[in-house]
1. For the stretch 114-123, which residues satisfy the criterion of being open to solvent by 30 Å² or more (accessible area, probe 1.4 Å) and farther than 18 Å from Lys66 by Cβ?
2. Name the single residue that is nearest to Arg38 (Cα to Cα) among those in the stretch 100-112 being hydroxyl-bearing (Ser, Thr, Tyr) and open to solvent by 30 Å² or more (accessible area, probe 1.4 Å).
3. Are there any pairs with C-beta distances below 8 angstrom linking a residue in the stretch 11-37 that is without any contact (Cβ under 8 Å) to a residue 60 or more places away in the chain to a residue that is of a type in the set (Lys, Arg) and open to solvent by 90 Å² or more (accessible area, probe 1.4 Å), with the two at least 6 apart or on different chains, and if so which?
4. Could you please find all residues in the stretch 170-215 being part of a helix (DSSP H, G or I) and either of a type in the set (A, V, I, L, M) or touching a Cys at 6+ places or on another chain (Cβ under 6 Å) (or both)?
5. Conditions first: (1) of a type in the set (Ser, Thr, Tyr); (2) modelled with pLDDT of 90 or more; (3) farther than 23 Å from Ala124 by Cβ. Thr41 passes all but one, so which condition is the exception?
6. If Gly280 meets every condition in (1) assigned to a loop (DSSP other than H, G, I, E, B); (2) more than 18 Å from the chain's Cα centre (by Cα) apart from one, which number is that one?
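The values are calculated or read from the model by the stated rules, or taken from the named source; none is laboratory data. Just so it is clear, the structure is predicted and the values come from calculations on it, not from any experiment. Glycine also receives a Cβ, built like all others from the backbone with ideal geometry; neighbour counts cover every protein chain displayed. Side chains included, ligands, DNA and RNA excluded: accessible areas come from the protein's heavy atoms. Shrake-Rupley method; radii C 1.70, N 1.55, O 1.52, S 1.80 Å.
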Amino acid sequence: MEWSPSFECHVRPDGEHVYRIGHQLIDEFLEFVVGRARPNTVRAYAHDLSVFFSVVKTDPVEVRPKDVMAFVTAQRLPKPGAENVVRIADGSAGLSTATIKRRLAAVSSFYGYLITRDDVSVTANPVPRGIATRQSRSRNGRGLPLVRGVRRLPRILEAEEIDALMGALRTERDRAMTQAMVLGGLRRCEVLGLRLGDLRLGEWRVLIREGKGGHERLVPLSPTFFATVARYMDHERPPETTSDSLFVALKGARRGQPLSVPGLDQIIRAARVRAGLSHGTCHELRHTCFTRLREAGMAIEAIQAQAGHRSITSTQVYLHLSVDWLADEYRRAIEAIEAQALVGVAQ
């Protein structure tokens, strides 16, 4: 049976966003994950499931692995009218591998939910764990991944680019938010989630309540950030503000209300244009922070705690971003090897 999803978002009186796709099973799944996932994750699930069933056009209980494989193929095709457009990063058309993998993860989670419910005619997850090979069959392995991802080093900003960006910011509020990312490595949502009570002034630390996955952490931040925040509080923050959010809108209809994600993105984007920079997203500022901390000798385990990474694997990328780390480690090791090889050799 074919059906077409309709993506809808409703706001409850308590401010919580409720997403509807137009199918009872999917809508019940979205209600279920509200208590298990962050709001951004719920919104991403709703969007990705809407995209999946817009392409597959099959009732959820009738989806088979062949439908998922066809969806992957469709996602790799360029959009109509953009057949000659490719990504500079990898020269490919269509959606990025990361986006396709995220959408498949949402679909897989949905079917895992249906199987656990055990009250519908779904007994197997239609999202393949991988493509079987002769070796994987003989060793009971997972085989080749359905979508092979490529992990690339994140881009960072050079010191002069950071100076140019900071110089292009127009308010102390904007400088404080940028410093939180480039000096403390905070995520965009963590910056916007800061509250007045989260500042530990005597300790030069901040409490992160809105960390990834809902995890809290207490992290140090440069006194420079706190000095900038003090100037913002004294001279810019609207006195009529009733919100306890640290960073609020300074003008317009939303004056005094918490700053939004699009608002922060627009601030950084406009400053980047004024500074003449070709890149410099919020996440690149975060990457820049941890790269510089590593270059300055900060232990990788300390960077993991600062970043809020659940796994050290996510943090190890900063070993390779560090300009001198790999060269220094190689030079030390090769000198030892060559010294051993020359033992007993006439000079």
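1. Quick first cut of the stretch 114-123, residues open to solvent by 30 Å² or more (accessible area, probe 1.4 Å) only: 115-121, 123.
Correct list: Ile115, Thr116, Arg117, Asp118, Asp119, Val120.
2. Taking the stretch 100-112 first, the residues hydroxyl-bearing (Ser, Thr, Tyr) are 108-109, 111.
Checking which are open to solvent by 30 Å² or more (accessible area, probe 1.4 Å) leaves us with 108-109.
Values: Ser108: 18, Ser109: 15 Å.
Filtering first and then ranking leaves Ser109.
3. His17/Arg43; Val18/Arg12; Tyr19/Arg43
4. So the first thing to find is which residues in the stretch 170-215 are part of a helix (DSSP H, G or I), and the list is 172-182, 188-192, 196-198, 212-214.
Scanning the stretch 170-215 gives Ala176, Met177, Ala180, Met181, Val182, Arg188, Val191, Leu192, Leu196.
5. (2)
6. (2)
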